[in-house]
1. Which of Pro183, Ala38, Leu257 sits closest to the plus end of the dipole of the chain, meaning its Cα is farthest towards the positive end, when Lys and Arg get +1 and Asp and Glu get -1 on the C-beta?
2. Mean Kyte-Doolittle of at least 0.0 and a Cα length of 30 Å or more along the axis: which whole DSSP H helices of the chain meet both?
3. Around Met217, what is the net charge, scoring Lys/Arg as +1 and Asp/Glu as -1 over all other residues with Cβ under 12 Å from its Cβ?
4. Using the Kirkwood radius over Cα pairs, work out the Stokes-Einstein diffusion coefficient for the chain at 37 °C and 0.692 mPa s, in µm²/s as a whole number.
5. Looking at this model, which pairs from Lys210/Lys263; Lys267/Lys309; Lys210/Lys267; Lys210/Lys309; Lys152/Lys210; Lys210/Lys282 are more than 32 angstrom apart at the alpha-carbon?
6. At a 1.4 Å probe radius, carbon and sulfur cover how many percent of the accessible area of segment 22-163?
7. About its Cα centre, how strong a charge dipole does segment 22-163 have in debye, to the nearest 20, once Lys and Arg get +1 and Asp and Glu get -1 at the Cβ?
8. Calculate the dipole size of the chain relative to its Cα centre from +1 charges on Lys and Arg beta carbons and -1 charges on Asp and Glu beta carbons; express the result in debye to the nearest 20.
Amino acid sequence: MLLQCPEQTLWLRDRDHPAITMPRWQQQVDLLQEFYQADACVVLQSIDSEFQVVCSRQSTALDLYAGTQFSDNVLATALSSHRGYGLIELPSPLNSYNNLSQFERLDAVPIYWADGQLFGCLVICNSKQTKHFERLLPLLENSKALIQAELKHLFLMQQVQMMSVQDELTCMLNPYGFNLMAPRQLSLSRRFGSHAGIILLEDITEYRDKTQQTQGMRQIARVIHHHMRDADVSARIENGLFAILAFVDNQANLDALVCRLRKQIAKEEIHAHIAIGSSYFKPNTHLAIEPMLEAARQNLISYKVNHRKSIS
């Protein structure tokens, strides 16, 4: 599991954020709507071609209430192709039918996350201040700067949180992150009747130096990452020990996953000796994550004992 900032793929309004002061955002759109004498002013968040109204001010009921969602390929294309400065040129009205197509004039500025990824845009709908529009642009840019400053604060908070659960060497979860995420996923899976398995994968290679060991662990982490689904949880829980919580249909599926991991490690010519232990659990086995890990650890110990006997 390689960690990514979750807020860039979730609607901002779906969760509370201490870094975001939504009344301040609302104050900005209220002021812009008044100064531009517009029918509406909205802050839109964009995820792919989907948009959600974060906050709005409308002169009458125009179906642009906070939380409203709609699709717009034209607006999405205009945002993705924009260079980041000045107003976005939008067709009037928009070609696609949605909540913005009712307006004859749309003026927008893009809004970005701290890492340069697009967040969305700030849109002025049907401004009647055509003569003084250019003179009011600093006000629009000011509101954009305020919103982006709060998004930056949120982004940095998320980065700090990620670092506290992330293994620096492999970019997987660390032991703390695994103990935080695995029980949540396990509880969720049991509600849907999913079976689960724990795989412990240990690198028992005697490396000549630290550099080789580091390279070997990163290669193993990459193999694990490529074979995990979104619901699975994987982590480096000790120096050369990796844990995987995988959701499978039966014991055969878990065994097949173990086999695939072995084959892929061999295929990529990772020069490492790998010991693997696993344990399988049905949804009605109401064990916490610790006993599940211990069962897999005992299986791993048995594997290593049998391996030593076979080569002696």
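The values are calculated or read from the model by the stated rules, or taken from the named source; none is laboratory data. Note that the structure is a prediction, hence the values are computed from the model and not measured. Cβ atoms come from the backbone with ideal geometry, glycine included; neighbour counts cover every protein chain shown. These accessible areas exclude ligands, DNA and RNA; they are computed on the full protein's heavy atoms, side chains included. Shrake-Rupley method; radii C 1.70, N 1.55, O 1.52, S 1.80 Å.
1. The Cα lying farthest towards the positive end belongs to Leu257.
2. 137-165
3. For residues surrounding Met217, the net value is -1.
4. 144 µm²/s
5. As for pairs spanning more than 32 Å Cα to Cα, those are Lys152/Lys210; Lys210/Lys282.
6. On the way: 3580 of 7090 Å².
Exposed carbon and sulfur together represent 51 percent of the surface.
7. On the way: 9 positive and 14 negative charges, 67 e Å.
Computed charge dipole of segment 22-163: roughly 320 debye.
8. That gives a dipole near 840 debye.
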